[in-house]
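Enquirer: Take a look at the following structure, please.
Derivation of every value follows stated rules applied to the coordinates shown; laboratory data play no part. Since the structure is predicted, the reported quantities are computational estimates derived from the model, not experimental observations. Virtual Cβ from ideal backbone geometry, glycine too; neighbours counted across all protein chains shown.
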Amino acid sequence: MQRFDRIDRKRLKGALLLFLGFSTQAFSAGLNPYAHLTVNDSRPAPRDGVRVTYLGTNGYQFEIKDHALLVDPYFSRVNLLSIALGSRIQPDNPRVAEGMRHLAPKADAILVTHGHFDYLLDVPILTSKTQARLIAPPSAVDLAKRAGTSSGDVVTAGDVRRIGPWKIRVLPAMHDRLFGKVPFDQRQVRSSSPPQRPADWICGEPLAFLIQVGGQRIYIDFW
């Protein structure tokens, strides 16, 4: 019993750190004045240019001609109390459906920087709906498969992927610390079960991406 108590306390501490960090960002970032910038561009992409759609959190869609690329798409917006309590979480299907209204009908790939739920939770649904290829670090691909994704392309720093018009260079990255600690900072998935609670969506091996397309370079990192 003592061992399980220690594990539960550790998970709760990680959840509280994440909760406090998200709360601090939510109340200090002043997002309301910038709401008009979110999913604001209703025009089609210019013939030889890249259209960028911000999806919230660290989510982006890049479009060029008839091609689209998604990065860290997350629409469910799990409530902070569930995070603090370490409750079971799952994708919010109505919110995912609403978010998909802003996406291209089909995406070439979904890039995921790391395995935290606010980057990866909705990806299994989105890979199924868009038929996109998942490109992510090893632990994130493992989590996505346990959550229902049929396949994933595991990448590590130094890898390069070419998909349609996109050239994607994979770079090393570091997750910011919240109160001196990276939340859920395990490197490997320790359970064979599907992820259910915030602490199950571990950070893993964080990555950044340098996307080259249409003569442009787009660098994607995260906090």
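Enquirer: Could you list, ordered by first residue, the pairs with Cβ atoms under 8 Å in which the first is in region 70-98 and on the phi > 0 side of the Ramachandran plot and the second is of a type in the set (Gly, Ala, Ser), at least 6 apart or interchain?
Expert: From residues that are on the phi > 0 side of the Ramachandran plot, the pairs are Asp72/Gly59; Arg77/Gly56; Gly86/Ala15; Gly86/Ala199.
Enquirer: Out of Ala157, Ala147, Ala132, Ala173, which single residue is closer than 28 Å to Asp92 by Cα and in contact with a Leu (Cβ under 7 Å, 6 or more places away or on another chain)?
Expert: On the way: Ala157 fails: closer than 28 Å to Asp92 by Cα; Ala147 fails: in contact with a Leu (Cβ under 7 Å, 6 or more places away or on another chain); Ala173 fails: closer than 28 Å to Asp92 by Cα.
Among Ala157, Ala147, Ala132, Ala173, only Ala132 is closer than 28 Å to Asp92 by Cα and in contact with a Leu (Cβ under 7 Å, 6 or more places away or on another chain).
Enquirer: Looking only at residues that are surrounded by fewer than 22 Cβ atoms within 10 Å (Cβ to Cβ) and among the small types (Gly, Ala, Ser) in region 193-223, which one is farthest from Glu63 (Cα to Cα)?
Expert: So the residue we want is Ser193.
Enquirer: With the requirement that a residue be in contact (Cβ under 8 Å) with a residue 40 or more places away in the chain, out of contact with any helix residue (DSSP H, G or I) (no Cβ under 8 Å at 6 or more places or on another chain) and either at positive phi or not charged (D, E, K, R) (or both), what does region 151-169 give you?
Expert: Val155, Ala157, Ile163, Gly164, Pro165, Trp166, Ile168
Enquirer: Can you pull out the residues in region 83-129 that are surrounded by 17 or more Cβ atoms within 10 Å (Cβ to Cβ), more than 15 Å from Asn58 (Cα to Cα) and of a type in the set (Gly, Ala, Ser)?
Expert: Hits for region 83-129 are Ala84, Gly86, Ala104, Ala107, Ala109.
Enquirer: Do we have any residue at all in region 55-64 that's more than 23 Å from Val141 (Cα to Cα), crowded, with 18+ Cβ neighbours inside 10 Å and more than 10 Å from the chain's Cα centre (by Cα)? Spell out how you get there, then give the answer.
Expert: The initial filter retains those residues of region 55-64 that are more than 23 Å from Val141 (Cα to Cα), namely 63-64.
Adding the requirement that they be crowded, with 18+ Cβ neighbours inside 10 Å leaves 63-64.
With more than 10 Å from the chain's Cα centre (by Cα) added as a condition, the list becomes 63-64.
Yes, region 55-64 contains a residue that is more than 23 Å from Val141 (Cα to Cα), crowded, with 18+ Cβ neighbours inside 10 Å and more than 10 Å from the chain's Cα centre (by Cα).
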